[in-house]
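Undergrad: Dropping the structure in here first, questions after.
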Amino acid sequence: MKSDLVYFKNLLEKNGHNFTVTRKKVLEAVLDSKTHLNVKELYEKVKEKDKSIGLATVYRALNIFNDLGIVKEINANGISYYEKKIFSGKPLHIHFKCFRCNSIIDVDSKSLNLEYLKLNKKLEEENNLEIYDSNIMFEGLCSKCKEELKNK
Ligand SMILES: [Zn+2]
Ligand SMILES: [Zn+2]
């Protein structure tokens, strides 16, 4: 088992969850993915390797991973998308969703992330809060769709 997986196994077991073969496969599907996948898409990916897996099992596994902070759930139009949160190197980043092609994009340039952190700090200081997580999602047209519409 890769060292990352051993870490997740310990994390799950420490919190009273079994690190089953199926949960391992669901986790790997999220970790391997470069984009944000919803439950159905993750389910399809895991099913390629294990035909016996059920959608409910995938749901349950993702809920556990979300509770433990391993993955981050992003909600867009009532659909939950998941991305790796732990060790991702970009715990705070802004999302952009294209309403035409539905892709969700990470907006994570260095300077923007710095501004984002400043915004978090400001919120904390001015309102006496402690912020652990944040979800900012901008919506509009992605550059690809902008081009496509221009050429129509
Ligand atoms: Zn688009
Ligand atoms: Zn993201």
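Undergrad: Picking from I53, I79, I74, which residue would you name as being assigned by TED's automatic domain parsing to the domain that holds D32, of a type in the set (V, I, T), away from ligand 2 (no atom under 16 Å from the Cβ) and more than 22 Å from K14 (Cα to Cα)? Explain how you work it out, then say what you get.
TA: Working: I79 fails: away from ligand 2 (no atom under 16 Å from the Cβ); I74 fails: away from ligand 2 (no atom under 16 Å from the Cβ).
The conditions single out I53.
Undergrad: Test L112 against the stated conditions and say whether it is within 16 Å of ligand 2 (Cβ to nearest atom), in a helix (DSSP H, G or I) and either in contact (Cβ under 8 Å) with a residue 12 or more places away in the chain or aromatic (F, W, Y) (or both). Walk me through it before giving the result.
TA: Details: within 16 Å of ligand 2 (Cβ to nearest atom): yes; in a helix (DSSP H, G or I): yes; either in contact (Cβ under 8 Å) with a residue 12 or more places away in the chain or aromatic (F, W, Y) (or both): yes.
It is true that L112 is within 16 Å of ligand 2 (Cβ to nearest atom), in a helix (DSSP H, G or I) and either in contact (Cβ under 8 Å) with a residue 12 or more places away in the chain or aromatic (F, W, Y) (or both).
Undergrad: A further question on this structure: Conditions first: (1) without any contact (Cβ under 8 Å) to a residue 12 or more places away in the chain; (2) within 16 Å of ligand 1 (Cβ to nearest atom). E139 passes all but one, so which condition is the exception?
TA: (1)
Undergrad: If you don't mind, another one. Hey, among the residues in the stretch 90-109 that are within 16 Å of ligand 2 (Cβ to nearest atom) and among the basic types (K, R), which one's farthest from I70 (Cα to Cα)? Talk me through it step by step, then tell me what you get.
TA: We begin by selecting, within the stretch 90-109, every residue within 16 Å of ligand 2 (Cβ to nearest atom); these are 90-98, 102-109.
Keeping just the survivors that are among the basic types (K, R) gives 90, 97.
Working: K90: 13, K97: 22 Å.
Checking each candidate, the answer is K97.
Undergrad: When you scan the stretch 118-133, do you find a residue that is in contact (Cβ under 8 Å) with a residue 24 or more places away in the chain, within 17 Å of T35 (Cα to Cα) and either surrounded by 13 or more Cβ atoms within 10 Å (Cβ to Cβ) or out of contact with any strand residue (DSSP E or B) (no Cβ under 8 Å at 6 or more places or on another chain) (or both), even just one?
TA: There is no residue in the stretch 118-133 that is in contact (Cβ under 8 Å) with a residue 24 or more places away in the chain, within 17 Å of T35 (Cα to Cα) and either surrounded by 13 or more Cβ atoms within 10 Å (Cβ to Cβ) or out of contact with any strand residue (DSSP E or B) (no Cβ under 8 Å at 6 or more places or on another chain) (or both).
The values are calculated or read from the model by the stated rules, or taken from the named source; none is laboratory data. Quantities reported herein were computed from a predicted structural model and do not represent experimental measurements. Positions of Cβ are generated from backbone atoms using ideal geometry, with glycine treated the same way; all protein chains shown enter the neighbour counts.
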